[in-house]
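What follows draws every value from the coordinates through simple rules; no lab data is involved. This structure is a prediction, so every number in the text was calculated from the model and none was measured. Using ideal geometry, Cβ is built from the backbone for each residue, glycine included, and neighbour counts are taken over all protein chains shown.
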Amino acid sequence: MHAELVIVGNGMAAARLVQELKQGSGFEGRILMIGREPRPAYNRVLLSPLLAGEIEDQALELHSTDWYAEQGIELLCKDPVVVLEPERHRLRTGSGKQIQYDQLVLATGSNSSLPPLPGIDLSGVMGFRTWQDVEIMREAAAKGGSAVVIGGGLLGLEAAEGLRKLGMTTRVLQRSDYLLNRQLDRNAAGMLQQTLEGRGLEIITNAGVECLQGNEAGEVTEVILKDGRTLPADLVVVAAGVTPETSLARAAGLGCDRAINVDAELRTSAVDIFAIGECCQFEDNTYGLVAPIWRQAKVLAQIVRGESDQYAEQPVATQLKVSGISLFSCGEIDAQNASVVEYHDPEVGDYRKLWLRDEKLVGAVLYGDTRQGNGYFEQLLAE
Ligand SMILES: Cc1cc2nc3c(=O)[nH]c(=O)nc-3n(C[C@H](O)[C@H](O)[C@H](O)COP(=O)(O)OP(=O)(O)OC[C@H]3O[C@@H](n4cnc5c(N)ncnc54)[C@H](O)[C@@H]3O)c2cc1C
């Protein structure tokens, strides 16, 4: 089998890349996308509202199977690439298919990081990354009981709210002393914590996990904290960061650091192999949000077409997808050597804090009324 362009990984970066390639003056060669998951690429960002029962399955579709067929893009699902031979322009899938390529894109994303804690291998302990993870969580939640979410970042809070809405008694463990410590300042985090606790989530800050314990069947039953507290747990969701999926690239001898090293053309150390999305590292940056990945897809589509373009880093903004809670943050939070403008109306739960350096906006946190968020973000990008 041969294709001019082979994309390994059928996730959000891959789906965006083919969309970019097919827009405008299209790429005429044969495109083959090979994915490990059973489905074609879906909107991973929407797994949180899917878990919470706020949207239907169909909402996650990025491109229909008809669209791929119309565009002449071939899809291979549930068949991971297991061997890559850059010098032969060849790869092999788990089912044994040998495929030749002219240009290759690695879009293998990340996996949930599971810290090396005693008990981490027990059944009922999982990450939150795939549609299949949502199905497992729903199945567990249908039995009721208690859930512990390790990690009070965006993903952890979205998982916890989903599990709470599905009827589980849910506790969130946050290692630092306030929630979303990379996106919020203490005030906004305090307001968020109050709202979530008011809904019935238990939030434990400054929480260190000692170990997980299970029963004779190997199922998790408890989380033991470093301070000696024991929390009941029928399900443990670990949302403590991601590890870029680099195994294929490393085994093939491509240059890797924390992720697969790429230059501004998204090119790896092999001239005809590119990497995009959460599996790549540009300069010292790795990725966990879609905004930079959309810009990478645009650049790479140009490069693959044989035109010129360069990827450059830009700040990103973050939002939490928990219904009824609006928060927005961008830029440097708690910026050093900056002046602060702050507005707080506790009556309506509205909070804004801006950081300015040399009269230029460098960071913003909004909680409650976030309508100005995009305006601040544009200002920040322009400066
Ligand atoms: C629950 C959740 C909520 C999120 N919410 C937001 C949000 O609100 N905003 C935001 O900006 N970002 C959000 N993100 C992050 C966003 O989804 C990711 O940044 C984005 O999906 C990264 O795209 P990617 O293609 O690099 O990786 P992925 O989408 O993970 O795709 C990689 C694909 O490659 C496959 N793969 C790996 N190895 C192989 C192999 N050897 N062979 C074949 N296939 C392989 C994987 O199975 C996977 O399907 C969220 C993520 C999650 C999990």
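Taking all pairs of different Cα atoms in segment 260-306, averaging 1/r and flipping that mean, what Kirkwood radius in angstroms comes out?
Hydrodynamic radius (Kirkwood, Cα only) of segment 260-306 equals 10.6 Å.
If you rank Glu359, Glu222, Glu278 by fewest surrounding Cβ atoms within 10 Å, what's the result?
Numbers: Glu359 7, Glu222 18, Glu278 27.
By the 10 Å Cβ count, ascending, the order reads Glu359, Glu222, Glu278.
What FRET efficiency would be calculated for the residue pair Leu289, Val340, taking the C-beta separation as r and a Förster radius of 25 Å, to the nearest 0.05?
With R0 = 25 Å, the Cβ-Cβ based efficiency is 0.50.
Percentage of Cα-Cα pair distances in the chain greater than 32 Å, rounded to whole percent? Provide the component values of the computation, followed by the final result.
Working: 29489 of 73153 pairs.
Pairs farther apart than 32 Å: 40 percent.
Around Ile260, which amide H atoms from residues at least 5 apart in sequence, or from another chain, sit under 5 Å from its own amide H, with H modelled in the peptide plane?
Sorted by chain and number, the residues that satisfy this are Cys280, Gln281.
In nm, give the distance between the simple-model label positions of Val83 and His2, each being 7 Å from the Cα along the Cα-to-Cβ direction.
That separation, rounded to one decimal, is 2.0 nm.
Of all alpha-carbon pairs in segment 22-98, indicate the percentage at a distance above 14 angstrom.
Summing the P(r) of segment 22-98 above 14 Å gives 71 percent of all pairs.
Relative to the longest principal axis of the C-alpha atoms of the chain, give the angle of the C-alpha long axis of helix 186-199, reported between 0 and 90° and rounded to the nearest 10°.
Between helix and principal axis, roughly 80 degrees.
Suppose R0 equals 30 Å. What FRET efficiency, 1/(1 + (r/R0)^6) with r the Cβ-Cβ distance, do Ala251 and Asn215 give to the nearest 0.05?
0.20
Among Asp227, Asp272, what is the fewest-to-most ranking by other Cβ atoms within 10 Å?
Asp227, Asp272
Given the convex hull over the Cα atoms of segment 194-289, what projected area results after averaging over all orientations, in nm²? List each step's numbers first, then the result.
Values: hull surface 40.4 nm².
For the Cα atoms of segment 194-289, the hull's average projected area reads 10.1 nm².
Applying 1/(1 + (r/R0)^6) with R0 = 51 Å to the Cβ-Cβ distance of Lys360 and Ile204, what FRET efficiency is obtained, to the nearest 0.05?
Numbers: r = 38 Å, r/R0 = 0.75.
Taking R0 as 51 Å, the efficiency between Lys360 and Ile204 is 0.85.
Return one number: the angle in degrees, 0 to 90 and rounded to the nearest 10, between the long axis of the Cα atoms of helix 373-382 and the longest principal axis of the Cα atoms of the chain.
Tilt relative to the chain: about 50 degrees.
Taking the Cα atoms only, what angle lies between the long axis of helix 12-22 and the longest principal axis of the chain, rounded to 10 degrees?
Taking Cα atoms only, the helix is inclined about 40 degrees.
If the chain between Asp177 and Ala264 were fully stretched, how many nm would it gain, using 0.36 nm times the residue separation less the Cα-Cα distance?
So the chain would gain 27.6 nm between Asp177 and Ala264.
Loop-only trypsin sites (Lys or Arg not before Pro) in segment 278-383, please: DSSP not H, G, I, E or B, and at most 10 other Cβ atoms within 10 Å.
In loop regions of segment 278-383 (DSSP not H, G, I, E or B), the sparsely surrounded trypsin sites (Lys or Arg not before Pro) are Arg371.
Using amide H atoms built in the peptide plane, which far-off residues or other-chain residues are under 5 Å from Gly363 H to H?
Result for Gly363 returns Glu332, Trp355.
I'd like the Kirkwood hydrodynamic radius of segment 326-382, using the inverse of the mean 1/r over distinct C-alpha pairs, in Å.
Values: mean 1/r = 0.0884 Å⁻¹.
Hydrodynamic radius (Kirkwood, Cα pairs) of segment 326-382 is 11.3 Å.
Counting just the Cα atoms, what span does segment 124-242 cover along each of its three principal axes? Round to the nearest Å and put the largest first.
Principal axes ranked by extent give 43, 31, 28 Å for the Cα atoms.
How much net charge surrounds Arg250 when only the other residues with a Cβ under 13 Å from the Cβ of Arg250 are counted, with Lys and Arg +1 and Asp and Glu -1?
Net charge around Arg250: -1.
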